[in-house]
1. Spelling out what I want: for every residue of segment 124-135, take phi, set θ = phi - 60°, compute 6.51 cos²θ - 1.76 cosθ + 1.60 (Karplus), and round to whole Hz; glycine and proline get x.
2. Which of the lysines could be linked to K283 by a straight reach, that is with a Cα gap under 24 Å, when you skip same-chain ones fewer than 8 residues away?
3. Determine how large the accessible area of R125 is when every protein chain is in place; take a 1.4 Å probe and give Å² rounded to the nearest 10.
4. Counting only residues 5 or more places away or on other chains, whose amide H sits under 5 Å from the amide H of E235 once H atoms are built in the peptide plane?
5. Starting with the highest mean, order 12-25, 42-55 by the number of other Cβ atoms within 10 Å, averaged over the residues of each peptide.
6. Compute the signed sum of charges (Lys and Arg +1, Asp and Glu -1) over the other residues within less than 15 Å, Cβ to Cβ, of T326.
7. Sequence neighbours fewer than 8 away in the same chain don't count; with that in mind, list the lysines whose C-alpha is under 17 Å from K155.
8. Given a 1.4 Å probe and the protein chains all in place, what does the accessible area of L339 round to, in Å² to the nearest 10?
Amino acid sequence: MSTTTTPAPRKVNRIGFEILNYKGAKTTLCAGCGHNAISERIIECFYELGVDPWKVGKFSGIGCSSKSPAYFLNMSHGFNAVHGRMPAIATGAILANRNIMGLGVTGDGDTASIGIGQFMHLVRRNLPMIYIIEDNGVYGLTKGQFSATADMGSKLKTGVINDLPPFDCCALALKWGATFVARSFSGDKKQLQELLKAAIGHNGLSVIDVVSPCVTFNDHDGSTKSYSYMKEHEEPLHALDFVPFYEDISVEIPEGEVRDVQLHDGSHLRIRKLDRDYDPTNKLAALAAIEDAEKMHEVLTGVLYVNTEKPNFLELLHMADEPLATLPESKVRPSKEVLDEIMEELR
Ligand SMILES: Cc1ncc(C[n+]2csc(CCOP(=O)(O)OP(=O)(O)O)c2C)c(N)n1
Ligand code: SF4
Ligand SMILES: [Mg+2]
């Protein structure tokens with residue numbers, strides 16, 4: 001007797017894609033590297049929200065972290081730039097085509113050491129893009145030297161102690177203009193997912209600094225970016241729930257316990273109070289909280305700051321709704337008469 005089995009239905013998201021469509025090449029990073037976990041979260045979030053992968057532009061610099069865009073969103077655009085220069089490339093690409101959803105993935109060396117100047121200008125402009133810093137405190141790709149985010153007193157495997165104070169990328173982003181600033185840990189799956197989803201819905205620069213241990217060069221006793229240090233010192237500011245724009249949000253919110261932030265695309269980020277009162281819309285309080293945590297040797301994670309009102313760079317420049325890249329020549333090229341007029345004025 002022959003038996004026929006019906007194949008299980010394919011699991012697809014709201015645009016009909018399988019999770020496979022959001023994956024990339026097989027990772028070549030070390031097994032256990034925090035960066036691999038972040039790539040996994042990116043794949044899940046873009047799949048779950050049903051983002052059109054061909055509308056995403058992946059940008060990175062140089063480093064193990066900057067290699068990781070090869071390991072997710074195979075169908076997206078990608079530009080692997082020069083070390084520390086990703087912000088300029090991303091700015092150009094997004095100005096040329098505002099329909100691209102910018103997703104920058106970079107390292108602490110790429111951002112805070114060689115790329116600090118580029119990072120600061122990106123922040124100042126509040127360019128609408130997601131900017132993930134895979135922060136392990138070292139230059140993983142070049143064999144583990146301290147980067148500018150390494151904490152003072154942190155120890156290398158060789159016994160060398162870091163005697164310079166760190167740059168806190170979240171404090172810099174907050175102070176100078178990013179409108180969504182968050183910190184997380186590559187081992188905190190749920191928190192990182194909700195943060196990434198909120199960043200997808202945000203209409204400004206989202207900086208997410210993710211402590212992402214380098215298992216090969218910076219995961220030992222004496223490191224403040226190791227798995228064990230993070231397990232002991234992570235201090236979540238709140239619990240997060242993301243409600244996408246296409247889901248019913250009529251769930252009742254308990255008074256005083258949950259803050260609801262409506263994002264640009266109509267999604268909601270629900271910020272649930274844990275054991276402290278924290279207002280993520282208060283920039284000064286956010287800076288003070290980061291300072292206090294540093295003194296207490298705590299790593300605050302969650303949404304440090306969110307501002308849904310401030311105009312982004314494209315709005316400030318009054319960019320046309322239609323991307324520059326698709327405007328016809330008749331609209332982007334001044335006529336001979338206009339050029340003659342300008343030349344006349346310059347005489
Ligand atoms: C202009 C330039 N200077 C230096 C280097 C060497 N280099 C390559 S990756 C890297 C640091 C990467 O560190 P990070 O951004 O933290 O990434 P990770 O490997 O730790 O993920 C350096 C200094 C380079 N490729 N280009
Ligand atoms: S060297 Fe470190 S940062 Fe690079 S892949 Fe290995 S574990 Fe990750
Ligand atoms: Mg690094």
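The values are calculated or read from the model by the stated rules, or taken from the named source; none is laboratory data. On a predicted model such as this, the values are computed, not experimentally measured, just so you know. When we count neighbours, we look across all protein chains shown, and the Cβ atoms used for this are built from the backbone with ideal geometry, even at glycine. Note: areas computed on protein heavy atoms with side chains; ligands, DNA, RNA excluded. Shrake-Rupley method; radii C 1.70, N 1.55, O 1.52, S 1.80 Å.
1. Here the 3J(HN,Hα) series is 4, 7, 6, 5, x, 6, 9, 10, 9, 9, 8, 9 Hz.
2. K175, K197, K273, K295, K310
3. For R125, solvent-accessible area is about 90 Å².
4. Result for E235 returns V299, L300, T301.
5. Numbers: 12-25: 14.2, 42-55: 18.8.
Ranked from most to least packed, the peptides come out as 42-55, 12-25.
6. Summing Lys/Arg as +1 and Asp/Glu as -1 gives +1.
7. K143, K225
8. Accessible surface of L339 is approximately 80 Å².
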